[in-house]
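S.K.: After the structure tokens below, expect a handful of questions from me.
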Amino acid sequence: MKPSIDDTASVARVCADSQPAPGAEGLLAGLGRLWPDLTFKLVLTRGGWYRPGGVVDIEQQRIADNLRQWAEALTAHGGMPSLLDACMKGQLFATRLVGQTHYLTARTGPAAADFVQLEVEELQEVLDRYLSDPDWLPDSLEEIIDPLDYPQLAPEPVGAARLVFRRIFSARTVLEAQQIGPGAGLRRFLQDWDRSSASHSECCCDRWVLALQEATDSDGGAQLSAHPVPAGVAQRLPETSAAGAGLAKRVQAFDRAAGYPMAWFFHMVASAGVPHAVGIQVAKDHAEGFDYLPARDLQPLHSWVVAPYRA
């Protein structure tokens, strides 16, 4: 039986068995074997984040995989003095996990919302700091786990980088779960893509991914929100007094740089790259007879002018 995207154990194994590499070739090959009818693409990689790692000794032998759990266990039995004593006697080091998140998408149907998104973390454990530095005495458990200011070591790798499954989901399922509230903007974004020139040029999931956020609503329940994030280099179109031919050149240049038509519009409703004043002026230009958008692209623009939204 062919596995479904709900079989997270299978996709987690594919991630764990794949080696980090530019372009994620090994991971893509593994996903192709798991789901032959889906064609995944690496659309976006976001880095610059980290999380606390584990504990190693001076020989880089593993003492603990999880710094927090290790520190909490020691303080539970003897408080901070017990924790600091263990750090000093063992000549121990804290590590951290330097990460980047890979976003991969696969189209499942003709509409903009018809795609599957997979998120995979690439983690590299590196030396972070001494836990036995006599010149740095933390005052609390949290200062041991993730201090704001401390003597930092050169980030020497501890073991090989690895890929770790984060999550996989159907964009259609996420959209259906957001019938009201935070889902309204995303729904309009995808509908506008389907009726614009962009849909004739590109798959939405080749140019945008969904950033999911979990929050707690006023009743204490879990609430999921999603908003589109552009792939590639962020584009910007500064707010100016341009109109007519000057503005037409600006939005057309933006689209060429982005690689698909109406890119300026979708960045306007879903990112900070294009001011709302640009959309208002484009609509005004066309109302005054200066036409530079195809007729199909005027439909989402006019709908936005009547009822602006943020995706």
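The values are calculated or read from the model by the stated rules, or taken from the named source; none is laboratory data. Quick caveat, the model's predicted, so the values are computed rather than measured. Don't worry about glycine lacking a Cβ; one is built from the backbone with ideal geometry, like all the others, and counts go over all protein chains shown.
S.K.: Only one of Val269, Val278, Val282, Val251 is of a type in the set (A, V, I, L, M, F, W, C) and either surrounded by fewer than 18 Cβ atoms within 10 Å (Cβ to Cβ) or more than 15 Å from Ser196 (Cβ to Cβ) (or both). Can you tell me which? Outline the logic, then answer.
M.R.: Working: Val269 fails: either surrounded by fewer than 18 Cβ atoms within 10 Å (Cβ to Cβ) or more than 15 Å from Ser196 (Cβ to Cβ) (or both); Val282 fails: either surrounded by fewer than 18 Cβ atoms within 10 Å (Cβ to Cβ) or more than 15 Å from Ser196 (Cβ to Cβ) (or both); Val251 fails: either surrounded by fewer than 18 Cβ atoms within 10 Å (Cβ to Cβ) or more than 15 Å from Ser196 (Cβ to Cβ) (or both).
Sole residue among the options that is of a type in the set (A, V, I, L, M, F, W, C) and either surrounded by fewer than 18 Cβ atoms within 10 Å (Cβ to Cβ) or more than 15 Å from Ser196 (Cβ to Cβ) (or both): Val278.
S.K.: In segment 34-44, how many are exposed (fewer than 15 other Cβ atoms within 10 Å of the Cβ) and out of contact with any helix residue (DSSP H, G or I) (no Cβ under 8 Å at 6 or more places or on another chain)? Break it down stepwise before answering.
M.R.: Keep residues of segment 34-44 that are exposed (fewer than 15 other Cβ atoms within 10 Å of the Cβ), which gives 36-37, 39.
Now narrow it down to the ones that are out of contact with any helix residue (DSSP H, G or I) (no Cβ under 8 Å at 6 or more places or on another chain): 36-37.
Looking only at that region, the number is 2.
S.K.: Just give me the residues in segment 96-133 being among the acidic types (Asp, Glu) and under 30 Å from Leu84 (Cβ atoms), in sequence order.
M.R.: Residues of segment 96-133 that are among the acidic types (Asp, Glu), as a first pass: 114, 119, 121-122, 125, 128, 133.
Across segment 96-133, the qualifying residues are Glu125, Asp128, Asp133.
S.K.: Right, here's the next one. Looking at segment 288-311, which of the residues that are among the small types (Gly, Ala, Ser) and assigned to a loop (DSSP other than H, G, I, E, B) is nearest to Val269 (Cα to Cα)?
M.R.: Kept after step one, since they are among the small types (Gly, Ala, Ser), are these residues of segment 288-311: 289, 295, 303, 307, 311.
Okay, now just the ones that are also assigned to a loop (DSSP other than H, G, I, E, B), so 289, 307, 311.
On the way: Gly289: 24, Ala307: 12, Ala311: 6 Å.
In this case the residue turns out to be Ala311.
S.K.: Hey, does segment 27-50 have a residue that's farther than 27 Å from Cys204 by Cβ and either in the same structural domain as Arg207 (by TED's automatic domain parsing) or within 25 Å of the chain's Cα centre (by Cα) (or both)? Please lay out each step first, then the result.
M.R.: To start, the set of residues in segment 27-50 that are farther than 27 Å from Cys204 by Cβ comprises 50.
Now drop any that are not either in the same structural domain as Arg207 (by TED's automatic domain parsing) or within 25 Å of the chain's Cα centre (by Cα) (or both), which leaves 50.
Yes, the conditions are met somewhere in segment 27-50.
S.K.: Which of the residues that make up segment 109-126 are of a type outside the set (Asp, Glu) and closer than 24 Å to Ser18 by Cα? Full working, then the answer.
M.R.: Just the residues of segment 109-126 that are of a type outside the set (Asp, Glu), to begin with: 109-113, 115-118, 120, 123-124, 126.
Selection gives Phe115, Val116, Gln117, Leu118, Val120, Leu123, Gln124, Val126.
S.K.: Given Ala21, Ala16, Ala12, which one is surrounded by 12 or more Cβ atoms within 10 Å (Cβ to Cβ), at pLDDT below 95 and either within 15 Å of Gln100 (Cα to Cα) or assigned by TED's automatic domain parsing to the domain that holds Leu127 (or both)? Working first, answer last.
M.R.: Values: Ala16 fails: at pLDDT below 95; Ala12 fails: at pLDDT below 95.
Just one listed residue meets the conditions, Ala21.
S.K.: May I pose another question? Looking at Phe254, Phe266, Phe290 in this structure, which one is in contact with a strand residue (DSSP E or B) (Cβ under 8 Å, 6 or more places away or on another chain) and not charged (D, E, K, R)?
M.R.: Details: Phe254 fails: in contact with a strand residue (DSSP E or B) (Cβ under 8 Å, 6 or more places away or on another chain); Phe290 fails: in contact with a strand residue (DSSP E or B) (Cβ under 8 Å, 6 or more places away or on another chain).
After applying the criteria, what remains is Phe266.
S.K.: Which of the helices (runs of 4 or more DSSP H) found entirely inside segment 63-179 contain at least 2 residues meeting this: in contact (Cβ under 8 Å) with a residue 60 or more places away in the chain and either touching a helix residue (DSSP H, G or I) at 6+ places or on another chain (Cβ under 6 Å) or surrounded by 20 or more Cβ atoms within 10 Å (Cβ to Cβ) (or both)?
M.R.: 67-90, 141-145
S.K.: Take the residues of segment 252-269 that are in contact (Cβ under 8 Å) with a residue 40 or more places away in the chain and assigned to a helix (DSSP H, G or I): which is nearest to Asp297 (Cα to Cα)? Give the steps one after another, and end with the answer.
M.R.: Filtering segment 252-269 down to residues in contact (Cβ under 8 Å) with a residue 40 or more places away in the chain leaves 252, 258-263, 265-266, 269.
Now drop any that are not assigned to a helix (DSSP H, G or I), which leaves 252, 258, 263, 265-266, 269.
Details: Gln252: 13, Ala258: 17, Ala263: 11, Phe265: 9, Phe266: 11, Val269: 14 Å.
Looking at the filtered set, the residue picked out is Phe265.
S.K.: Identify all residues within segment 113-141 that are of a type outside the set (A, V, I, L, M, F, W, C) and modelled with pLDDT of 90 or more; write none if there are none.
M.R.: Residues of segment 113-141 of a type outside the set (A, V, I, L, M, F, W, C): 114, 117, 119, 121-122, 124-125, 128-130, 132-135, 138-140.
Those that are of a type outside the set (A, V, I, L, M, F, W, C) and modelled with pLDDT of 90 or more: Asp114, Gln117, Glu119, Glu121, Glu122, Gln124, Glu125, Asp128, Arg129, Tyr130.
S.K.: While we're here: Would you please list the contacts, defined by Cβ atoms under 7 Å and residues six or more apart or on different chains, that run from a residue in segment 224-251 that is aliphatic (A, V, I, L, M) to a residue that is part of a loop (DSSP other than H, G, I, E, B) and surrounded by fewer than 17 Cβ atoms within 10 Å (Cβ to Cβ)?
M.R.: Leu224/Ala177; Ala248/Tyr292
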